[in-house]
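Just so it is clear, none of the values below were taken in a lab; they were calculated from the coordinates. Here the structure is a predicted model, which is why all the values come from computation and not from measurement. A quick note on method: Cβ atoms are made from the backbone with ideal geometry, for glycine too, and the neighbour counts reach across all protein chains shown.
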Amino acid sequence: MSLHADDLPDVLAITPLTAPPDVSLRPPGSKSITNRALICAALAPGRSTLTGVLFADDTHAMLGAVRALGATLTVDEAAHTVVVDGVDPRTQTTPASIDARQSGTTGRFVVPAAALRPARSVVDGAPQLRARPFGPLTDALRELGATVEDLSEAGPGLLPIAVTGPVAGGKVAVPGHLSSQFLSGLLMAGPLMSDGLSVELTSPLVSVPYVEATTAVMAAFGVTVDGLHVRPGAYRATDYAIEPDASAASYVLAAAAITGGRVTVEGLGTSSLQGDVRFADLLEQMGARVERTADRVTVTGTGTLHGIDVDMADISDTAQTLAAVAVFADSPTRVRGIGFIRKKETDRIAAIVTELRRAGIDAVEDEDGFTVNPGTPAPTAFHTYDDHRMAMSLALLGLRVPGIEIRDPRCVSKTYPTYFIDLARL
Ligand SMILES: O=C(O)C1=C[C@@H](OP(=O)(O)O)[C@@H](O)[C@H](O)C1
Ligand SMILES: C=C(OP(=O)(O)O)C(=O)O
């Protein structure tokens, strides 16, 4: 049986490891960096070659989106490469229709980019994305001079919307506590706004490292962000190598910690653009041994894990991974600062607590996070809520205990279609 997401059964049984793993692997390309590089390359007149590209549902959504915005793409999935012939969006007058599927980054990055075009673009997504907030972005774009039509019957600030530019730019106030993606999306469109862009945050920013990644990718394409200000300018087409996905790496590194094995992740280390590479720091605090170089991280499980109390607002995509590790610690783990993950693919706080409890683990929901009291998971078929990170995190329990099954495992296709292939390599 192939373990690629496309071929998975409705319920996947996880086989416990018979010996601790000792492997080295390179996770697929970063979703976050792929989708930033695709936007910047699409807005840069001329040819950019992107290597190390992730091909998954979220990046297929972005490939479709940048094509609709006028870029010409030559895609080589086997070589993990996309050649992008970008265009100045301000010269594009063809109406566009964009399906962001389930991808928050695609939706939140493409709406401001579409607002640069003197044309009407309709942006929609799957029901899951239709339920996630877009209001701060549509408010900001109206303030900056775009025409935004709310098309959702469920109310304003939700997909689908239609946006018509060109957006002039200027100063705008944006909340930071719901998602950093509004800010990242606006910043990437900023240099092509005639008045440039100055953003002021009206509430504390979550997921800060993602904004740093945004400015780093913009810099690679020739645009400088100064504070939260971008001067009018232009992107420069360039060749860009995308690093592996640090959120994806969290699962295999966690596997080493909980099984007493050793896993090395290649292509990610202290020089990574992604905040989620810091997940290894948490494993270290819990008792695992961690070695790092500029582009490699090795985690070795020591057989002992202690609970920790941690604010994960900067690296919330790894909160569910940590919950799985916490099950095997010798004291409780409290995760804080992540109330905003209730508006991700699902309410991730409720979902992880519900599923751990289904397995007999004493997990408790807090407003801004959760507490996991360690225990031995009972044989359980876990529900995954169409959330790739529920499937990938809960599968880790099955590496240690028998009888763990993952329902609807195909949801890993959102960011990591080869996840169960990599897990089997352990
Ligand atoms: O900018 C990005 O690439 C992302 C930002 C984060 O979202 P929020 O800023 O909404 O927390 C993260 O959860 C998401 O997977 C990717
Ligand atoms: C929240 C996620 O993705 P996005 O917001 O890009 O849909 C994720 O990948 O966990």
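Show me the three semi-axes of the equivalent ellipsoid for the stretch 382-421, from the C-alpha gyration tensor (sqrt of 5 times each eigenvalue), largest first, rounded to whole Å.
They are 16, 11, 7 Å, listed largest first.
Restricting to Cα pairs below 8 Å that are 6+ residues apart, what does the relative contact order work out to for the stretch 74-197? Please round to a whole percent.
Worked out over the stretch 74-197, it gives 25 percent.
Using only alpha carbon pairs under 8 Å that are at least six residues apart, calculate the relative contact order of the chain and give it in whole percent.
Dividing the mean separation by the residue count of the chain yields 19 percent.
State, in angstrom, two size descriptors of the stretch 265-353 derived from its alpha carbons: Rg to one decimal place and Dmax to the nearest whole number.
When restricted to Cα atoms, the stretch 265-353 yields Rg and Dmax of 13.5, 36 Å.
Just give me a number: lysine pairs in the chain, eight or more positions apart or cross-chain, with C-alpha atoms less than 18 Å apart.
Counting lysine pairs in the chain gives 4.
Over every pair of different alpha-carbon atoms in the stretch 308-383, take the mean of 1/r and invert it; report that Kirkwood radius in Å.
It is 12.1 Å.
What are the semi-axes of the equivalent ellipsoid for the stretch 1-101, taken as the square roots of 5 times the Cα gyration tensor eigenvalues, largest first, in whole Å?
35, 16, 10
Going by how many other Cβ atoms sit within 10 Å of their own, how do Ile421, Ile33 line up, fewest first?
So the ranking, lowest neighbour count to highest, is Ile421, Ile33.
Principal axis lengths of the stretch 113-225 from Cα atoms, whole Å, largest first?
The Cα atoms of the stretch 113-225 stretch 39, 31, 23 Å along their principal axes.
If you bin the C-alpha pair distances of the stretch 208-301 every 5 Å from 0, what whole percents do you get?
Once binned at 5 Å, the Cα pair distances of the stretch 208-301 give 3, 13, 21, 19, 13, 10, 9, 6, 4, 1, 0.
How many percent of Cα pairs in the stretch 254-413 exceed 22 Å?
38
Would you work out which of Ser316, Ala162, Gly145 lies farthest towards the positive end of the dipole of the chain, given +1 charges on the beta-carbon of Lys and Arg and -1 on that of Asp and Glu, about the Cα centre?
About the Cα centre, the residue reaching furthest to the positive side is Gly145.
At 222 nm, what helix-only mean residue ellipticity would the chain give, in deg cm²/dmol to the nearest 500, using -39500 (n - 2.57) for each DSSP H run of four or more?
-8500 deg cm²/dmol
Most mobile of Thr346, Thr34, Thr59 per a Gaussian network model of the chain (Cα springs, under 10 Å)?
Maximum among the listed residues: Thr346.
I'm a student and want to see the number: the projected area of the Cα convex hull of the stretch 31-241, averaged over all directions, in nm².
Taking the Cα atoms of the stretch 31-241, their convex hull projects to 9.7 nm² on average.
Take the Cα coordinates of the chain, assign each an equal point scatterer, and use the Debye formula without solvent to give log10 I(q)/I(0) at q = 0.06, 0.08 Å⁻¹.
Normalising to I(0) and taking log10 leaves -0.23, -0.42.
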